[in-house]
1. If you line up the long axis of helix 39-48 against the longest principal axis of the chain, both from Cα atoms, how many degrees apart are they, to the nearest 10?
2. Counting only C-alpha contacts under 8 Å and six or more residues apart, can you give the relative contact order of the chain as a whole percent?
3. Among 77, 33, 15, whose mean-square fluctuation peaks in a Gaussian network model of the chain (Cα, cutoff 10 Å)?
4. With each run of n ≥ 4 DSSP H residues scored as -39500 (n - 2.57), what mean residue ellipticity at 222 nm is computed for the chain after dividing by its residue count and rounding to the nearest 500 deg cm²/dmol?
5. Would you mind getting me the FRET efficiency between residue 17 and residue 80? Use the beta-carbon distance for r and R0 = 22 Å, nearest 0.05.
6. Could you look at the chain and say what percent of its accessible area is carbon and sulfur, using a 1.4 Å probe and all protein chains?
7. I'd like the Karplus ³J(HN,Hα) series for the range 22-36: coefficients 6.51, -1.76, 1.60, θ = phi - 60°, whole numbers in Hz, and an x wherever there's a Gly or Pro.
8. Over its Cα atoms, what ratio of radius of gyration to 2.2 N^0.38 Å does the chain give?
Amino acid sequence: AANKMEKAEIRANKLIEIASVTIAANAGDEGKLFGSVGTREIEEAVNNAGGDITKSEINMPEGAIRNIGEYSVEVKLHTDLTQAITVVVEAE
């Protein structure tokens, strides 16, 4: 159990270093997305930035992101360890 927690802490430190990821999405004039940004897009952006997460670890209680803007998303890396990361969604 201590080994799993240690690995989770290492992954959390990587997320702290990354701090935020930017995702470009197709959006209309009013900032509303054509579609949405979900766990799959966030997982891909974080992993491309050097993180190591799976989409099942991403907690999005309000559902997928449907507007451009800045959002705080929690990543549950271990039963006792959750790390927040900022997701910036901007128009393509």
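1. Approximately 70 degrees, to the nearest 10.
2. Rounded, it is 37 percent for the chain.
3. Residue with maximal mean-square fluctuation among 77, 33, 15: 33.
4. Value at 222 nm, helices only: -9500 deg cm²/dmol.
5. Working from the Cβ atoms, E equals 0.60.
6. Numbers: 2550 of 5840 Å².
Taking all protein chains in place, the chain shows 44 percent carbon and sulfur surface.
7. Per residue, the Karplus-derived 3J(HN,Hα) values read 10, 10, 8, 9, 6, 9, x, 4, 8, x, 8, 6, 8, x, 7 Hz.
8. Details: Rg = 13.8 Å, N = 92, 2.2 N^0.38 = 12.3 Å.
That works out to 1.12 for the chain.
The values are calculated or read from the model by the stated rules, or taken from the named source; none is laboratory data. Source: prediction; values computed, not measured. Every residue, glycine as well, gets a Cβ built from its backbone with ideal geometry; the counts of neighbours run over all protein chains shown. Protein only, heavy atoms only, side chains kept; ligands, DNA and RNA dropped before computing areas. Shrake-Rupley method; radii C 1.70, N 1.55, O 1.52, S 1.80 Å.
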